[in-house]
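See below for the structure under consideration.
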Amino acid sequence: MAKVNINVGVNGRWYELAVEPQERLVDVLRDRLGLTGTKVGCGKGECGACTINIDGKAILSCLTLAVQADGKEILTIEGLQKGAELHPLQEAFVKEAAVQCGYCTPGMIMAAKAMLDCDSDPSEEAVREVLSSNLCRCTGYDRPVKAVIEAAKTMRGAK
Amino acid sequence: MNDELSVVGKSLPRIDAIDKVTGRAKYGIDLKLEGMLHAKIRRSPYPHAKVTKIDTTKAENLPGVRAIVTIEDVPKVVEYWFFLRTEKKKKQMFIHDNVVRFIGDPVLAVAADDEETVEEALSLIDVEYEQLPALFDPLEAMKETEVKIHTEKGNIAFHVTKQYGDVEQGFKDADHIVENRYYTSKQKHASLEPIGSCIADYDPSGRLTVYSSTQLPHWSRMYLAGALDLPINRVRVIKTYTGGAFGGRCGLIHGLEVMSSVLSRKASRPVRMSFTREEDFTATETRHPMIIEMKTGVTKDGILTANSIKLVSDVGGYGTHYIGVIANCLSTGVGLYRCPNVDFDATAVHTNKSLCGAFRGYGNPQMNFAQESQMDMIAQKLDMDPVELRLKNYRGLGEIDPVFNDEIRSDGLKECLQKGAESFGWKEKRSKSSAEGIKRRGVGMAILVHGTGAAKGLPDPASATVMINADGSVNLVTAAADDGQGNRTVLAQICAEELGIGFEKVSVSDTDTDSTPLDGGTHGSRQTYCGGLAVKKAAEEAKKKLLGYASQELNVDDGQLGIKDGVIYDVKNAATTIRVSDLMRKIQIEDMSICEQPIGHAAGVAPAMPGYFGASFAEVEVDTQTGEVRVLKLTGAFDVGKAINPANVQGQITGGGIMGIGWALTEELITKDGNILNDNFTDYRILRASDVPQLDSIIVESNEPTGPFGAKGVGEGTMVGVASAIANAIFDAIGVRMKELCITQEKILEGLRSGAKA
């Protein structure tokens, strides 16, 4: 099948890529760009482990074709840090012991990032609702929810 | 003794957290090696069949195909490490035949340059089968003599009976007898990283390296050496970051590492194989479904007189841990209550369904569901508070657990019950339960005990090496496998505490069998205790050497020296000090006549397998029109001896709590004619953030005298009593006794219709 040329911005850098029309965005990120921080837990949009941000929105990269990302700006977990400095969400996940096995963590953080970019002071219920797109088998969710709320506080303080 | 702890007892951030929040942590599927091939398994579409012919000609000729391996080429691992103990038993660990025993059983695998070629090659291979009659019902399979799932053993994998006291007399002494049959469901680990990802790299000189998420790096290495007929030192297992295990990676994964290794040997290239979520659900191990008949006798004062347990465990097509799981049913079933007369009869039966293995709790949740439902019925019969009934009967401090003949040396159950009940509001909520209205609320509770480690039943080694560097920093070398629990962080805390140095001074080795000494792996809630004891002992030895040098340097008797915050000091003269870093530089580099790095090493088996206690309290709301059960509150109080890292312990309590709610209400692999019908997260429902009730996690510290800083286990126990407490709460709400898991809306409605009272 003929390849399709796309331009995508990933974590602040633009790439020109020739992709198969049926190629999933998650595979392009992981296999071609080596960004394996984005995880695959189910491959059918049920678990949320592959959540990334596209133009600021939380998107499941396993349900997105690479061609759909043409011209768009993607943020993955690897792009969240500023140099050596962790993003407040990353900081809070570490501090609040919200990470156990860590496989759901990048997806959770990216889902939370998109949320906090629109709503800087979400209620606990709203955080739970958003994180309900991200399955976690280890933590019981209380600590990740708390981490997002704490990160929101930090981010509000920094403004 | 614990007053002056400076590292132990603190909720320090885990050592791998930054790797995980930045996406740097590499799990099996994230790894790539130079020249790596991709591989995939073709699986049986039949529940029971003989593979009569495999024609790989067309696939072999497909460009890009590098190796093919079939059922004819590889053995299957069908027992666990207990069988490594003798040559005769070791032979029984591996079977090599052409029979497939469940839908999804591996038949062959292909390695090729890319995944597309693998898929195409798999479709080009012709496989012929001779179908055999299949058995799905364990009770039928037990009786069946013509159809044998395993030729030599038949269908009964294991049968055991044990008697304690005189059960007949015990029932004669009883004023009440409660007798019921319970069914438990086929639960899946559902770790977020699908089970089944590895890279096998068999280099042409005959050395095999396997990157694996196994919970048991050293046992897995021995399994591979046995399966592939290699010396142990020619096999290297490197543990990758692991996305949750819960028992699902307690050994090798059926078909995964062995097939990948043979493919790699044939192709002379590294081979990566990663199962999909569907393969995880349908072709990797699950919790054993059980049928448990329990008859319990009790006096009118609420003293247990007899317990008779008859249990059938559905192993599926292959077993690995089926004997251990039954042994744990015995030890937890007999161990929890001081009942003098017990009969235990258990049978593990093969059926043509997907295989079962280790899963958090290891038989204890199944036993607990039966036992704690019985206790609830007894409390109700006697009109006694269920908490009081437990307090009267549980086996506590100073008593001897008859199964392992071991003394209970630490017991925080009373405190668990008291603090748990208080935090939950047990007394208030109990008095408010009402049987009116459409939505009815009720409360229930359960207690449990779970062993730490396996020292009394299985080979259970732990070892550690502690090396003090020239700048005073420390390398801790251990094969303790961290699947996400945080045990490597806990071991670093124990090491730092023992040495009197800062937590940040300790770094923990990779988990690699080439460079770490023998460890029994991560199972049985054992790493904090068993691994912790080894680390503490190794640190003690390193410290002794360190203080020996300090003694010479400071001219002070080494018995008079202490270390705090990286400074060695004379306890009798606080002015006499030397920094560990200054001393170490001197000993290791400056003084060229010494040049010694103090190293401590410890290896061996823990002296006990202390039971850790817990109590779960649940409040539910049952909708009598729809049958929907909502858990409103779940309180878990656990006696962990000493919480080395309280945040980690709480993480286990809340995580195990919601896994328990799932097992109680939503999680069941549904099989029809051997097919698993719900192989995805939409149809197999684990809890999401919005489903979670108010979770209380309470830590009780009873100070286990044999444990490192008083610690014992916690991980598995946290889910053990949850379903029991929920079923009891449902009874309290609607007066219907649920004896079958999982408790679906249909079962609630059916129960309400038929008035299935206890």
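Quick notes
- When the criteria are applied in full, A:Gly37 fails the requirement of being over 23 Å from B:Ile29 (Cα atoms), in a loop (DSSP other than H, G, I, E, B) and outside the structural domain of A:Thr154 (by TED's automatic domain parsing).
- Matching helices (runs of 4 or more DSSP H) fully within the stretch B:256-343 where at least 3 residues are within 14 Å of chain A (Cβ to nearest Cβ): B:277-283
- Considering residues of the stretch B:25-48 that are touching a helix residue (DSSP H, G or I) at 6+ places or on another chain (Cβ under 8 Å) and not in a helix (DSSP H, G or I) only, the residue nearest to the other protein chains (Cβ to nearest Cβ): B:Ala25
- Candidates A:Leu25, A:Leu35 - the one that is within 14 Å of chain B (Cβ to nearest Cβ), surrounded by 15 or more Cβ atoms within 10 Å (Cβ to Cβ) and either farther than 19 Å from B:Val21 by Cα or of a type in the set (A, V, I, L, M, F, W, C) (or both): A:Leu35
- Filter result for A:Arg128 (among the charged types (D, E, K, R), surrounded by fewer than 23 Cβ atoms within 10 Å (Cβ to Cβ), within 13 Å of chain B (Cβ to nearest Cβ) and not in a loop (DSSP other than H, G, I, E, B)): yes
- Filtered residues of the stretch B:99-126 (kept if over 30 Å from B:Leu33 (Cβ atoms) and in a strand (DSSP E or B)): B:Val99, B:Val100, B:Asp126
- Between B:Ala267, B:Ala245, B:Ala306, B:Ala283, the distinction of being at pLDDT 95 or above, over 25 Å from the mean Cα position of the chain (by Cα), hydrophobic (A, V, I, L, M, F, W, C) and buried (at least 24 other Cβ atoms within 10 Å of the Cβ) belongs to B:Ala306 only.
- Qualifying residue in the stretch B:626-635 (condition: in contact with a Lys or Arg (Cβ under 8 Å, 6 or more places away or on another chain), at pLDDT 95 or above and crowded, with 17+ Cβ neighbours inside 10 Å): yes
- Complete set of residues in the stretch B:49-81 that are assigned to a helix (DSSP H, G or I) and either of a type in the set (Ser, Thr, Tyr) or crowded, with 17+ Cβ neighbours inside 10 Å (or both): B:Thr57, B:Ala59, B:Trp81
- Scanning the stretch A:131-159 for residues that are over 23 Å from B:Asp696 (Cα atoms), in a loop (DSSP other than H, G, I, E, B) and either among the small types (Gly, Ala, Ser) or within 16 Å of the chain's Cα centre (by Cα) (or both) returns a single hit, A:Ser133.
- Residue match in the stretch A:86-108 (condition: surrounded by fewer than 18 Cβ atoms within 10 Å (Cβ to Cβ), within 9 Å of another protein chain (Cβ to nearest Cβ) and under 20 Å from B:Tyr27 (Cα atoms)): no
- If you check A:Ile59, A:Ile52 for being within 13 Å of another protein chain (Cβ to nearest Cβ) and in a strand (DSSP E or B), only one passes: A:Ile52.
- Of the residues screened, B:Ile686 is one that is in a loop (DSSP other than H, G, I, E, B), of a type in the set (A, V, I, L, M) and within 10 Å of chain A (Cβ to nearest Cβ).
- Where a residue in the stretch B:710-724 is within 20 Å of B:Gly9 (Cα to Cα) and surrounded by fewer than 24 Cβ atoms within 10 Å (Cβ to Cβ) and its partner, wherever it lies, is of a type in the set (D, E, K, R) and at pLDDT 95 or above, with Cβ under 6 Å and at least six apart: B:Gly710/B:Lys642; B:Gly710/B:Glu704
- Here A:Asn134 passes the criteria (1) among the polar types (S, T, N, Q); (2) closer than 23 Å to A:Arg13 by Cβ; (3) within 12 Å of chain B (Cβ to nearest Cβ); (4) touching a strand residue (DSSP E or B) at 6+ places or on another chain (Cβ under 8 Å) except the one numbered (2).
The values are calculated or read from the model by the stated rules, or taken from the named source; none is laboratory data. None of the values given here were measured: they were computed from a predicted structure. Using ideal geometry, Cβ is built from the backbone for each residue, glycine included, and neighbour counts are taken over all protein chains shown.
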